Amino acid sequence: MTSNPYHRSRRRLLGLGLACGLIGAGRETRARSEPDSSYGQRPEVQEFGAELARRNNLDPAWVRTCLRAGRRCRQAERWMSAGKSAPRDWHRFRVSQIDPRKLDHGHAFWHEYPEALKQAQANFGIAPEFVVAILGIESAYGRVTGRYRTLDVLLTLAFDCPRRAAEYREELAQFLLLCHEQGRDPTGYLGSIAGAIGLPQFLPSSIRRYALDFDHDGRIDIVHSAADAVGSVAHFLYQHGWRADIPVFIEVEVPAAAAKAASDAPDAPWRWSQLQDLGATSKPDLAPDQSVQLIVLPYLDAQGQPMQEFRLGTENLGALLGYNRSYFYAASVADLALELRNRFDAEPVNDHSASG
């Protein structure tokens, strides 16, 4: 497990992004006018690197060499600056995430790695269908892990995209610490336009905190090892409060008064008794103090009119939102998992002998 070095360094890193954000704020305009310059030549990047080295006992020359190797990633800039161009449509999003091909690939993955999935369930209480669903939605089971240099993406998002600069400066710091721990060249990592890596599309901070050597080969590799990816996803959900004894969603009837309590973006949970007081009912009934989230998934009907689908989420919804803070994402994972489980259970019993 990689949690120990993460915890040792995280306290030293907490102030790093904000401190370097203040240092670099006044130089933003000049940096933007020099798009082809090396990041290693920019004063705010140099200050970031020096502080990272000091706080984590790294060789300053090594940090400077790493930062000099980075280049601006225009695609990452465009991704960060892109606005929402169309109404949010849950039905359309679901179709984009769950299709027969993904089900076929997920079914094949389940049968190819049954032992890793069974061990993940034994260790962390995560049913196989949820791990398989996440890997399918995140990277199509390793088919789409990203083609951008992670170093370039993180540098660009940290120093040329103010909206989430502090967050990405911490991710850049975590990435360089990860490279140092693994003895790898930072330019050798490829990932998504958002800086996520491997089959589970973990950001560097999540790799250092949750990724596991689940195939016991002596190294953590969520890019090439499906077993490491399986164990790491299960470990992530477990650490975010997953409970094996409850579903993600519970059937709910929502009258108009309770509908006003629904949220279309991640929000603080309610006690079930509070929603009952507004007239909501569930099947099965829940304990009054059960923590729940009443969510709304907006969509357009056949005539293009706005409609709403309500769902009642449990603590397991909260665990999925820890992975990606989107109700559309969490609902897609839950629905894909259900379809994968239904397909698995519909197979002849003999087909399960290797897949558990």
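A few points about this structure:
- Only one entry in Ala122, Ala173, Ala133 is modelled with pLDDT of 95 or more and surrounded by fewer than 21 Cβ atoms within 10 Å (Cβ to Cβ), namely Ala122.
- Selection of the range 190-204 for residues being buried (at least 24 other Cβ atoms within 10 Å of the Cβ) and in a loop (DSSP other than H, G, I, E, B) yields Gly195, Gly198, Leu199, Pro200, Gln201.
- Within the set Ala258, Ala262, Ala244, the sole residue that is open to solvent by less than 10 Å² (accessible area, probe 1.4 Å) and over 13 Å from the mean Cα position of the chain (by Cα) turns out to be Ala258.
- Qualifying residues in the range 306-339 (those that are over 19 Å from Val254 (Cβ atoms) and among the polar types (S, T, N, Q)) - the one surrounded by the fewest Cβ atoms within 10 Å (Cβ to Cβ): Ser326
- Search result, residues across the range 140-162 that are open to solvent by less than 10 Å² (accessible area, probe 1.4 Å) and closer than 13 Å to Gln201 by Cβ: Thr150, Val153
- Verdict on Arg92 being at pLDDT 95 or above, assigned to a helix (DSSP H, G or I), out of contact with any helix residue (DSSP H, G or I) (no Cβ under 6 Å at 6 or more places or on another chain) and farther than 18 Å from Tyr329 by Cα: no
- Hey, Ala86 of a type in the set (A, V, I, L, M), surrounded by fewer than 18 Cβ atoms within 10 Å (Cβ to Cβ) and either modelled with pLDDT of 50 or more or touching a Ser or Thr at 6+ places or on another chain (Cβ under 7 Å) (or both) or not: yes
The values are calculated or read from the model by the stated rules, or taken from the named source; none is laboratory data. Quantities reported herein were computed from a predicted structural model and do not represent experimental measurements. Here Cβ is always computed from backbone atoms with ideal geometry, including for glycine, and neighbour counts include all displayed protein chains. Just so you know, the surface numbers come from the protein's heavy atoms only, side chains and all, with ligands and any DNA or RNA stripped out. Shrake-Rupley method; radii C 1.70, N 1.55, O 1.52, S 1.80 Å.
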